[in-house]
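Q: Quick one: the structure is below, questions incoming.
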Ligand SMILES: Nc1ncnc2c1ncn2[C@@H]1O[C@H](COP(=O)(O)OP(=O)(O)OP(=O)(O)O)[C@@H](O)[C@H]1O
Ligand SMILES: [Mg+2]
């Protein structure tokens, strides 16, 4: 590992934040030295306010060092060469809230001048990789914290960078999301990427990092290989399987006889993370099994209905005239219709009606005649 190329070199780095008058406000980083080597995952650890984000901003060229030097790919952090090979996930992603996942990634891909074909493929692959396939058309403002983190990670990988800086990549993620992101980081390492991981979640760092350094109040307080630093030479650990209580007792007796101080002898506890993931996996499988049974049942019912349906329809279609026998109508020859009959039918039904009509007319005439007579008095 020591022969490998140094991707990042930090030498005697100081950063002092000053106020408006140029007076010293905060010494965020003091005399920091470390390097990140090609193909490794390097952890930058420290409590809140230790200077991790400030160091990252210096590596990205977003801040100028007060003293000291930073190089990335042997170049200044502000050079286009190093920026092209760098991916960055900020502590908080500032993505446009009214873009969806596709649009956001397309936007960043365009900033890197990726050709349309490459862009389309990269956007699709990344959305799938970070598990946002089903939410790809939703506005980012509607995303949960974990989803926003995932799209942030996808954005950091849009230019297929050689070196990736991740500031708190798992913040806001549930244990499953955290595990997925850790697996993703390890996968990226397998593909030859170099990663600087900044976190105060120690289990994250322990699970994925090769080397780390710890900052405290801007000072580096330790640096090294994770296995070496975490190994306790004085303490021996034996892990075995199938040691029943009787044999455990005998073993404890033997240790006591030998004068060996035993800190702990008993069944090994698994980590809460793996226990949690096991439980979730079990629940997921059970749910899937239930859904499968439901689906199978539905399919079975549909199959049965399918078998019955055409028969019923046929029966309905074919058997209807047979089942509901229409009263047989005697087929009689159509009555002969004569023209005179039709004319008769046209005439008023009752003769009284016509008589009344005539009567009325007669009265009218009579009255008119009488009127005429009264109008012309006899001479
Ligand atoms: N823009 C700024 N102006 C003045 N002081 C700042 C500025 N940014 C950070 N600091 C100070 O620098 C110190 C280091 O801050 P930094 O954000 O680098 O810490 P950190 O290790 O990233 O912490 P956290 O784990 O909370 O993210 C803190 O004391 C902080 O208050
Ligand atoms: Mg920070």
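The values are calculated or read from the model by the stated rules, or taken from the named source; none is laboratory data. Just so you know, these numbers come straight off a predicted model, no measurement behind them. Here Cβ is always computed from backbone atoms with ideal geometry, including for glycine, and neighbour counts include all displayed protein chains.
Q: Within the stretch 54-68, which residues are under 30 Å from the mean Cα position of the chain (by Cα) and within 10 Å of ligand 1 (Cβ to nearest atom)?
A: Going residue by residue through the stretch 54-68, those that are under 30 Å from the mean Cα position of the chain (by Cα) are 56-57, 60.
Of everything in the stretch 54-68, those that are under 30 Å from the mean Cα position of the chain (by Cα) and within 10 Å of ligand 1 (Cβ to nearest atom) turn out to be 56, 57.
Q: Hey, among 294, 257, 249, which residue is under 29 Å from residue 176 (Cβ atoms) and modelled with pLDDT of 85 or more? Even if it seems obvious, please write down each step before you answer.
A: Numbers: 257 fails: under 29 Å from residue 176 (Cβ atoms); 249 fails: under 29 Å from residue 176 (Cβ atoms).
Selected residue: 294, the only one of 294, 257, 249 that is under 29 Å from residue 176 (Cβ atoms) and modelled with pLDDT of 85 or more.
Q: Suppose we filter 38, 99 for residues that are farther than 17 Å from residue 11 by Cβ and in contact (Cβ under 8 Å) with a residue 60 or more places away in the chain; which single one remains?
A: Numbers: 99 fails: in contact (Cβ under 8 Å) with a residue 60 or more places away in the chain.
Matching residue, one of 38, 99: 38.
Q: While we're looking at this one, here's another question. Sort out for me the helices (runs of 4 or more DSSP H) sitting completely within the stretch 175-266 that have 3 or more residues that are touching a helix residue (DSSP H, G or I) at 6+ places or on another chain (Cβ under 9 Å). If you could, list the steps in order and put the result at the bottom.
A: Numbers: elements: 175-190, 202-208, 226-230, 245-258.
In the stretch 175-266, the matching helices (runs of 4 or more DSSP H) lie at 175-190, 202-208.
Q: Something else: For the stretch 187-202, give me each residue that is within 16 Å of ligand 1 (Cβ to nearest atom) and surrounded by fewer than 18 Cβ atoms within 10 Å (Cβ to Cβ). Talk me through it step by step, then tell me what you get.
A: Here is the first cut: in the stretch 187-202, the ones within 16 Å of ligand 1 (Cβ to nearest atom) are 196-202.
Answer for the stretch 187-202, where residues must be within 16 Å of ligand 1 (Cβ to nearest atom) and surrounded by fewer than 18 Cβ atoms within 10 Å (Cβ to Cβ): 200, 201, 202.
Q: Answer with yes or no whether residue 161 is closer than 18 Å to residue 273 by Cβ and in a loop (DSSP other than H, G, I, E, B). Show your work before the answer.
A: Details: closer than 18 Å to residue 273 by Cβ: no; in a loop (DSSP other than H, G, I, E, B): yes.
Here the answer is no, as residue 161 does not meet what is asked.
Q: If you don't mind, another one. Residue 149: buried (at least 18 other Cβ atoms within 10 Å of the Cβ) and either within 16 Å of ligand 2 (Cβ to nearest atom) or farther than 30 Å from residue 115 by Cα (or both), yes or no? Steps first, please.
A: Numbers: buried (at least 18 other Cβ atoms within 10 Å of the Cβ): yes; either within 16 Å of ligand 2 (Cβ to nearest atom) or farther than 30 Å from residue 115 by Cα (or both): yes.
Yes, satisfied.
Q: List the pairs whose first member sits in the stretch 217-229 and is in contact (Cβ under 8 Å) with a residue 40 or more places away in the chain, whose second member is in a helix (DSSP H, G or I), and whose Cβ atoms are under 8 Å apart, counting only residues at least 6 apart or on separate chains?
A: 218/54; 226/205; 226/206
Q: Next up: Residue 49 fails exactly one of the following numbered conditions: (1) within 16 Å of ligand 2 (Cβ to nearest atom); (2) assigned to a loop (DSSP other than H, G, I, E, B); (3) under 29 Å from the mean Cα position of the chain (by Cα); (4) touching a residue at least 12 places away in the same chain (Cβ under 8 Å). What is the number of that condition?
A: (3)
Q: Quick test of your reading of the structure: residue 112 fulfils all but one of (1) crowded, with 16+ Cβ neighbours inside 10 Å; (2) under 23 Å from residue 60 (Cα atoms). Name the failing condition by number.
A: (1)
Q: Find the residue count for the stretch 4-18, including only residues that are at positive phi and either surrounded by 14 or more Cβ atoms within 10 Å (Cβ to Cβ) or within 14 Å of ligand 1 (Cβ to nearest atom) (or both).
A: Of the stretch 4-18, the ones at positive phi are 12.
Among the residues that remain, those that are also either surrounded by 14 or more Cβ atoms within 10 Å (Cβ to Cβ) or within 14 Å of ligand 1 (Cβ to nearest atom) (or both) are: none.
Of the residues in the stretch 4-18, 0 are at positive phi and either surrounded by 14 or more Cβ atoms within 10 Å (Cβ to Cβ) or within 14 Å of ligand 1 (Cβ to nearest atom) (or both).
Q: Considering every residue within the stretch 118-127, establish whether at least one is surrounded by 14 or more Cβ atoms within 10 Å (Cβ to Cβ), within 16 Å of ligand 2 (Cβ to nearest atom) and assigned to a helix (DSSP H, G or I).
A: Among the residues of the stretch 118-127, not one is surrounded by 14 or more Cβ atoms within 10 Å (Cβ to Cβ), within 16 Å of ligand 2 (Cβ to nearest atom) and assigned to a helix (DSSP H, G or I), which makes the answer no.
Q: Turning to a different aspect of this structure: Within 15 Å of ligand 1 (Cβ to nearest atom), surrounded by 18 or more Cβ atoms within 10 Å (Cβ to Cβ), in contact (Cβ under 8 Å) with a residue 12 or more places away in the chain and closer than 27 Å to residue 225 by Cα - does that describe any residue in the stretch 69-85?
A: First, the residues of the stretch 69-85 that are within 15 Å of ligand 1 (Cβ to nearest atom): 70.
Subset that is surrounded by 18 or more Cβ atoms within 10 Å (Cβ to Cβ): 70.
After this cut, where a residue has to be in contact (Cβ under 8 Å) with a residue 12 or more places away in the chain as well, the list is 70.
Keeping just the survivors that are closer than 27 Å to residue 225 by Cα gives 70.
Yes, the stretch 69-85 contains at least one residue that is within 15 Å of ligand 1 (Cβ to nearest atom), surrounded by 18 or more Cβ atoms within 10 Å (Cβ to Cβ), in contact (Cβ under 8 Å) with a residue 12 or more places away in the chain and closer than 27 Å to residue 225 by Cα.
Q: Quickly run through the stretch 80-107 and pick out the residues that are in a strand (DSSP E or B), more than 19 Å from the chain's Cα centre (by Cα) and within 16 Å of ligand 2 (Cβ to nearest atom). Walk me through how you get there before you give the answer.
A: So the first thing to find is which residues in the stretch 80-107 are in a strand (DSSP E or B), and the list is 86-89, 100.
Narrowing the set further to residues that are more than 19 Å from the chain's Cα centre (by Cα) leaves 86-88.
Across the stretch 80-107, the qualifying residue is only 88.
Q: In the stretch 29-53, how many residues are within 8 Å of ligand 1 (Cβ to nearest atom) and either more than 15 Å from residue 218 (Cα to Cα) or at pLDDT 95 or above (or both)?
A: Of the stretch 29-53, the ones within 8 Å of ligand 1 (Cβ to nearest atom) are 29, 46-53.
From what is left, the residues that are either more than 15 Å from residue 218 (Cα to Cα) or at pLDDT 95 or above (or both) are 29.
Residues meeting the conditions: 1.
Q: Looking at (1) touching a helix residue (DSSP H, G or I) at 6+ places or on another chain (Cβ under 7 Å); (2) closer than 23 Å to residue 225 by Cα; (3) within 16 Å of ligand 2 (Cβ to nearest atom), can you tell me which one residue 41 breaks?
A: Status for residue 41: all satisfied but (3).
Q: Further question on the same structure: Which residue is farthest from residue 213 (Cα to Cα), if the candidates are limited to the stretch 14-26 and must be in contact with a strand residue (DSSP E or B) (Cβ under 8 Å, 6 or more places away or on another chain) and more than 16 Å from ligand 2 (Cβ to nearest atom)?
A: First, pick out the residues of the stretch 14-26 that are in contact with a strand residue (DSSP E or B) (Cβ under 8 Å, 6 or more places away or on another chain): 14-19, 24-26.
Now narrow it down to the ones that are more than 16 Å from ligand 2 (Cβ to nearest atom): 14, 16, 18-19, 24-25.
Values: 14: 16, 16: 20, 18: 26, 19: 29, 24: 26, 25: 25 Å.
Among those residues, the one meeting the criterion is 19.
Q: What residue, of 152, 224, 218, 172, is at positive phi, within 16 Å of ligand 1 (Cβ to nearest atom) and touching a strand residue (DSSP E or B) at 6+ places or on another chain (Cβ under 7 Å)?
A: 218
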